[in-house]
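A short reminder: the numbers here are calculations on the coordinates, not readings from a lab. Since this is a predicted model, take the numbers as computed values, not measurements. Virtual Cβ from ideal backbone geometry, glycine too; neighbours counted across all protein chains shown.
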């Protein structure tokens, strides 16, 4: 079944039209978050990287208005990384890092939690490397509490 709102969001992502993504988020943030999450569950998908970037942009622009909403995004993605959550959220480290990088003042405390959840699970290795790189580019001090061997 066709979902015009999802198709419009995917089109905006493919065109790099973040203003349209932000407008869709402001209209129905839960739907947009679900659609972005769907893309990040397929790391090989062409739009996965744009979805991660959108998470960062949304956090940058909307976390101050509703920090608890994005805190819940982080919690859910970390849950998907643990055994009870099924260890299936392969891009969770990068998604968590995107939200943190978008608003470090709100979410800095989750860096260590994300790292500890991903560090010993080979399935998260690629996403964890991308997450650490994203955090370092955003604010190198975000990595201060991690082991030196974890720093990209």
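Quick notes on this structure:
- Per-residue Cβ neighbour rank within 10 angstrom, fewest leading, 138, 30: 30, 138
- Angle between the chain longest axis and helix 48-62 axis [Cα atoms, degrees, rounded to 10]: 90
- Relative to the longest principal axis of the Cα atoms of the chain, the long axis of helix 67-79 lies at roughly 70 degrees.
- Residue order, fewest to most surrounding Cβ atoms within 10 angstrom, among 151, 56: 151, 56
- Helix-only CD estimate at 222 nm, as mean residue ellipticity for the chain, using -39500 (n - 2.57) per DSSP H run (n ≥ 4): -20000 deg cm²/dmol
- Between the helical axis of 125-138 and the longest alpha-carbon principal axis of the chain there is an angle of about 90 degrees.
- Between the stretch 58-117 and the stretch 133-148, the alpha-carbon center distance in angstrom: 15
- Listed values (i) 9, 32, 28, 15, 9, 4, 2, 1, 0; (ii) 12, 44, 35, 9, 1; (iii) 10, 35, 29, 20, 6, 0, entry calculated as P(r) over Cα pairs in 10 Å bins from 0, in percent: (ii)
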